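Encoded as structure tokens, the structure appears first; notes follow it.
Bear in mind these aren't lab numbers, they're just calculated from the coordinates by the rules spelled out. The structure displayed is predicted, hence computed values, not measured ones. When we count neighbours, we look across all protein chains shown, and the Cβ atoms used for this are built from the backbone with ideal geometry, even at glycine.
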Amino acid sequence: MNIHEYQAKELLAKFGVGIPAGIPALTVEEAVAATSQLPGPLYVVKAQIHAGGRGKGKFKELPADAKGGVRLAKSAADVEAFAKEMLGNTLVTVQTGEAGKQVNRLYVTDGVDIAREYYLSMVVDRASSRVALIVSTEGGMDIEEVAHATPEKITTITVDTATGFQPHHGRAVAFALKLSGDLNKQAQKISKQLYEAFVALDCDMLEINPLVETKDGKLLVLDTKMSFDSNALYRHPDVQALRDETEEDPAEVEASKYDLAYIKLDGDIGCMVNGAGLAMATMDIIKLNGSFPANFLDVGGGANKEKVTAAFKIILRDPNVKGILVNIFGGIMKCDIIAEGIVAAAKEVNLSVPLVVRLEGTNVQQGKDILANSGLPIVAANDLGDAAKKIVAQVQQVA
């Protein structure tokens, strides 16, 4: 789960992390009112969307030479003008794709006199089962180019969660940032605070870009992105309450209500499977046979009629879907029960695209008999290879 910048900063502030003063705003009036509560005289107006690259982004509705989604304002009048241009308009960045995202929230912060910009992020390193701290002296909007062109300017420091963040980790961060004196001490302190927040909140990713050194010698978090392990959100109802569903794909939001793992893709064959590994194999073999998957949809091990029906409805909401491949391995859930769910769901949604089903596992023959006797144009497959060939042929025939 992702959250907005202002929400992430509010969470980090609870761990003692230094951030500039800022106030979120949903309307132009709230944005203007924020200026009276901030020190000034400079303000920064920042579009709040779940995507990076906002500063270099462009608004679809504005002229090509208009400023991006992060703007420096010298007065309340500037804040008002910027808020009017941003709110309700679509911001396109390198991370949103051409569709962009509509800006529904702003964050008005106090201006900061910047001396240097740095980069600091934390992610779960699955290869080492540790938390990786990624540090660079080259913070700012061009960090992706730094990673591509000069990777030697990026340092990775790993922390074993069994022993936690130690003083030598903080010193390594400060050394990588080439800081000395009081700034060195600040870097050690803030990196420890950020690590504590990362672990305590069950984060997947915490990115500070930039971490800035001000001209009066302070380290502040100027911008941050934070995402969380969705499986751990039950431990953090306060974090879960920060979810902004307007920033998510409506189909993915609907899927989450039924505990379905759904991700929309760009192809034309809908995939319904039980198990992430099976889903990956199904998508791969569809591509191997010359077509492309329209989604990743995992109904999980406890598939039932309600879940299967919801899955069909979600898949069919995508107008690009020209056929559906169901690939189910019945272990705990028996194939006959799955087949009954597929038949009931197909009837309920008035299925109008080709459907190929491959079943394997417990009570597989009973399941195949139910599909064969359903009276529906369901194409049975003997194995995954056979299923992929049949659904690709059906879709190409429709096209």
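Some values worked out for this structure:
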read-out: Flagged links, alpha-carbon separation over 31 Å, of LYS74/LYS218; LYS60/LYS305; LYS60/LYS153; value: LYS60/LYS305; LYS60/LYS153
read-out: Which of MET205, MET1 has the fewest Cβ neighbours within 10 Å, and the rest in rising order; value: MET205, MET1
read-out: Label zone at ASP182 (point 7 Å along Cα-to-Cβ), backbone N below 16 Å, segment 3-33; value: 18
read-out: Three-way shape call for segment 250-398 based on the alpha-carbon gyration tensor, with the a/c threshold at 1.5; value: rounded
read-out: The chain: antiparallel DSSP beta bridges as a percent of all, rounded to 5; value: 75 percent
read-out: Integer Hz, Karplus 6.51/-1.76/1.60 couplings in order for segment 259-268, x for Gly and Pro; value: 6, 9, 8, 10, 9, 6, 10, 9, x, 10
read-out: Links that overshoot a 24 Å alpha carbon limit, given the list LYS264/LYS322; LYS264/LYS389; LYS58/LYS178; LYS101/LYS189; LYS46/LYS264; LYS67/LYS189; value: LYS58/LYS178; LYS101/LYS189; LYS46/LYS264; LYS67/LYS189
read-out: Three-way shape label, segment 330-399, alpha-carbon gyration tensor, a/c 1.5; value: oblate
read-out: Footprinting exposure proxy for ILE49, ILE342 (fewest neighbouring C-beta atoms within 10 Å first); value: ILE49, ILE342
read-out: Gap separating the Cα centres of segment 236-266 and segment 143-158, nearest whole Å; value: 32 Å
read-out: Relative contact order %, segment 250-398, counting alpha carbon pairs below 8 Å whose residues are six or more apart; value: 24 percent
read-out: 3J(HN,Hα) from dihedral phi, segment 107-116, Karplus parametrisation 6.51/-1.76/1.60, rounded to Hz, x for glycine, proline; value: 10, 9, 10, 6, x, 10, 7, 8, 9, 8
read-out: MRE, 222 nm, helices only [DSSP H, n ≥ 4, -39500 (n - 2.57), over the chain, to nearest 500]; value: -10500 deg cm²/dmol
read-out: Amide H partners (placed H, <5 Å) of PHE292, local residues excluded; value: ASP268, ILE269
read-out: Approximate spin-label separation SER128-ALA232, in nm, with each point projected 7 Å along Cα-to-Cβ; value: 1.8 nm
read-out: Positive-pole candidate from PHE59, MET1, PHE165, dipole of the chain, charges at beta carbon; value: PHE165
read-out: With Cα atoms, 0 to 90° folded angle of helix 305-316 axis to the chain main axis; value: 70 degrees
read-out: GLY323 long-range amide H proximity, modeled H, under 5 Å; value: GLY270
read-out: From phi via Karplus (6.51, -1.76, 1.60), per-residue ³J(HN,Hα) for segment 322-337 in Hz, x at Gly/Pro; value: 10, x, 10, 10, 9, 10, 10, 9, x, x, 5, 8, 6, 5, 5, 5
read-out: Normalised contact order of segment 192-316, rounded percent, pairs of Cα under 8 Å and 6 or more residues apart; value: 18 percent
read-out: Contact order relative to length of the chain, as percent, for alpha carbon pairs under 8 angstrom and 6 or more apart; value: 12 percent
read-out: Debye intensity ratio in log₁₀ form over the Cα atoms of segment 1-107, taken at each q of 0.11, 0.12, 0.23 Å⁻¹; value: -0.33, -0.39, -1.29
read-out: Under 5 Å, built H, 5+ apart or other chain: amide partners of ILE3; value: MET226
read-out: Ranking of PHE312, PHE59 by count of other Cβ atoms within 10 Å, fewest first; value: PHE59, PHE312
read-out: Part-to-part distance (alpha-carbon centres) for segment 64-116 and segment 309-327, which is given in Å; value: 37 Å
read-out: Cα gyration tensor shape of segment 74-221, rounded if a/c is under 1.5, else prolate or oblate by comparing a/b with b/c; value: prolate
read-out: Cα-centre dipole for segment 241-399 with unit charges at Cβ (Lys and Arg positive, Asp and Glu negative), debye to 20; value: 520 debye
